[in-house]
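What follows is calculated from the coordinates using simple rules that are stated; it is not laboratory data. Just so it is clear, the model here is predicted, and its values are computed rather than measured. Positions of Cβ are generated from backbone atoms using ideal geometry, with glycine treated the same way; all protein chains shown enter the neighbour counts.
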Amino acid sequence: MKQADAIVVGGGPAGSTCAWKLKAAGLDVLVLDRAGFPRTKLCAGWVTPKVMANLELDPRDYPHSFMTFDELHLHCKGFSKKLHAPQHSIRRLEFDDFLLRRSGAEVLQHEVKGIEVAGTDYIIDDAYRCKYLVGAGGTRCPVYRTFFRSVSPRNYWLQTATYEQEIPYRWNQAACHLWFFDGGLPGYAWYVPKANGFVNVGLGSMAVQLKRRKGHLRDHWDRFVGKLEGRGLVDYKHFHPTGYSYYLHGNVDLVRQGNAFITGDAAGLATRDMCEGIGPAVESGLLAAAAIVSGTEYTLSGIASLTGSTFLSRILASKFAGTRALH
Ligand SMILES: Cc1cc2nc3c(=O)[nH]c(=O)nc-3n(C[C@H](O)[C@H](O)[C@H](O)COP(=O)(O)OP(=O)(O)OC[C@H]3O[C@@H](n4cnc5c(N)ncnc54)[C@H](O)[C@@H]3O)c2cc1C
């Protein structure tokens with residue numbers, strides 16, 4: 001049986017950040033991910049300057065596709081506004097692989113299925129043993145399912161559904177656009193150009209609102225890409241979008257049981273106004289590592305539930321998930 005001080009399940013931003021800090025503190029760390037890296041992760045790939053700061057990553061030292069936008073173009077029901085808020089775009093395929101390699105941790109491709117407790121240790125699939133177990137496996141994280149799901153079930157009001165694709169495309173407008181509640185969509189749509197000739201386009205909505213309307217995001221796709229074409233943003237005939245769902249920030253109470261921790265999407269931390277998940281994943285990875293290394297309390301109550309601090313952010317949060325989502 002292979003042994004490590006800490007095993008991190010999932011090598012996305014939450015897992016790689018936690019592994020990086022544990023490794024830097026001298027722990028023997030093993031990351032298990034069911035995917036071989038670099039791997040595709042459905043994501044618009046928009047990151048804030050705060051994420052780069054938390055990762056202690058100077059954009060000049062990042063060797064892959066990286067763009068900076070000085071403003072976001074927001075559109076809602078015919079009105080448009082340019083919001084001055086510097087942001088970046090990356091490609092998750094590259095970004096996650098870079099962070100995982102940088103962590104210095106040993107990485108093995110393995111899909112975690114069964115986790116057992118053996119005294120003060122955890123045993124995974126009868127093959128791996130550790131004292132500390134970090135769940136960073138995203139929405140379907142096996143650590144969440146084993147130790148947290150029954151005692152801390154997810155709030156279905158906070159489930160967001162997405163439908164998107166990243167395509168190779170020679171874009172001619174280097175601006176990031178977001179449309180809210182457009183054409184009857186109970187959610188938002190995005191256009192995020194990437195360096196080196198890629199663009200990510202997609203749709204997101206609260207799953208419960210779509211269900212109520214007996215709809216699916218695919219029903220809105222053709223109209224959305226027609227709009228992109230009409231605005232001269234993307235003219236592409238071979239779309240094959242796919243979907244994924246994750247959870248927005250609710251009451252994130254129970255995130256540690258013994259020496260098992262959950263982080264990132266496994267804990268349901270994405271912001272309620274912009275559905276930003278990379279930032280909270282990184283922050284929770286840092287906090288879990290600090291708890292393991294220094295024995296600090298592991299609480300995610302300090303992680304913001306909104307990306308912005310404006311009135312608009314509060315309106316978006318209440319429009320997306322509503323007040324019931326808080327209970
Ligand atoms: C379409 C879409 C667009 C988005 N756009 C943005 C955006 O622009 N900006 C932003 O900030 N956030 C965005 N998000 C949210 C963001 O992608 C997530 O919140 C973020 O990736 C969470 O990071 P994580 O490390 O917790 O999980 P993930 O990045 O999902 O990583 C989890 C890892 O765990 C592995 N894993 C899963 N199960 C197992 C298992 N059983 N055994 C082993 N390994 C396992 C997976 O292979 C994966 O590598 C978007 C999400 C979606 C779906």
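Please build a GNM for the chain, connecting alpha carbons under 10 Å apart, and tell me which residue among 45, 26, 36 fluctuates the most.
Looking only at 45, 26, 36, the biggest GNM fluctuation is shown by 26.
Report relative contact order for the range 1-114 in percent, whole number only (criteria: Cα-Cα under 8 Å, sequence separation at least 6).
Working: 178 pairs, mean separation 42.6, N = 114.
Once normalised by length, the contact order is 37 percent.
Ratio of alpha-carbon Rg to the 2.2 N^0.38 Å globular estimate for the range 249-327, to two decimals, please.
Values: Rg = 13.3 Å, N = 79, 2.2 N^0.38 = 11.6 Å.
Taking the Cα Rg and dividing by 2.2 N^0.38 Å, one obtains 1.15.
Please give the calculated 222 nm ellipticity per residue for the chain, where each DSSP H segment of at least 4 residues contributes -39500 (n - 2.57) and the sum is spread over every residue; nearest 500 deg cm²/dmol?
Values: 8 runs with 82 residues, N = 327.
Mean residue ellipticity at 222 nm (helix-derived): -7500 deg cm²/dmol.
Using only alpha carbon pairs under 8 Å that are at least six residues apart, calculate the relative contact order of the range 82-155 and give it in whole percent. Show your work: numbers first, answer last.
On the way: 38 pairs, mean separation 12.0, N = 74.
About 16 percent, as a whole number.
Loop sites only, by DSSP: take the chymotrypsin sites (Phe, Trp or Tyr not before Pro) in the chain that have at most 15 other C-beta atoms within 10 Å and name the longest stretch containing none of them. Please list the in-between numbers first.
Working: sites that count: 236, 239.
Result, exposed sites excluded: 1-235.
Under 8 Å for C-alpha pairs, at least 6 residues apart: give me the relative contact order for the chain, rounded to a whole percent. Can you show the working numbers first?
On the way: 702 pairs, mean separation 70.9, N = 327.
22 percent.
Distance between the C-alpha centers of the range 1-21 and the range 54-81? Whole Å please.
Taking the Cα centre of the range 54-81 as reference, the centre of the range 1-21 is 28 Å away.
Rank the residues 164, 94 as a footprinting-exposure proxy: fewest other Cβ atoms within 10 Å of their Cβ go first.
Values: 164 22, 94 18.
Least to most surrounded, the residues fall as 94, 164.
Is there a quick way to get the dipole size of the range 1-125? I mean about its Cα centre, with the Cβ of Lys and Arg at +1 and of Asp and Glu at -1; what is the value in debye to the nearest 20? Don't skip to the end; give the middle numbers.
Numbers: 16 positive and 16 negative charges, 128 e Å.
With only Lys, Arg, Asp and Glu charged at Cβ, the dipole is about 620 debye.
For the chain, which span is the longest to avoid every loop-located (per DSSP) member of trypsin sites (Lys or Arg not before Pro) having at most 16 other Cβ atoms inside 10 Å? Present the calculation step by step, with values, prior to reporting the outcome.
Working: sites that count: 34, 39, 77, 113, 149, 154, 170, 213, 214, 231, 237.
My reading of the result: 238-327 is the longest stretch.
Over the range 59-112, what per residue volume does the convex hull of the Cα atoms give, in whole Å³?
Working: hull volume 7.4 nm³, N = 54.
Convex hull of Cα atoms, per residue: 137 Å³.
Which value, in nm² and rounded to one decimal, describes the direction-averaged projected area of the C-alpha convex hull of the range 170-327? Please report the intermediate quantities before stating the final value.
Numbers: hull surface 46.2 nm².
Taking a quarter of the hull surface, the average projection is 11.6 nm².
Taking each pair of distinct Cα atoms in the range 1-65 once, what is the resulting Kirkwood hydrodynamic radius in Å?
Details: mean 1/r = 0.0735 Å⁻¹.
Averaging 1/r across every pair of different Cα atoms and inverting gives 13.6 Å.
Hey, got the Cα dimensions of the chain along the principal axes, in Å, largest first?
Reported extents, whole Å, longest axis first: 61, 43, 35.
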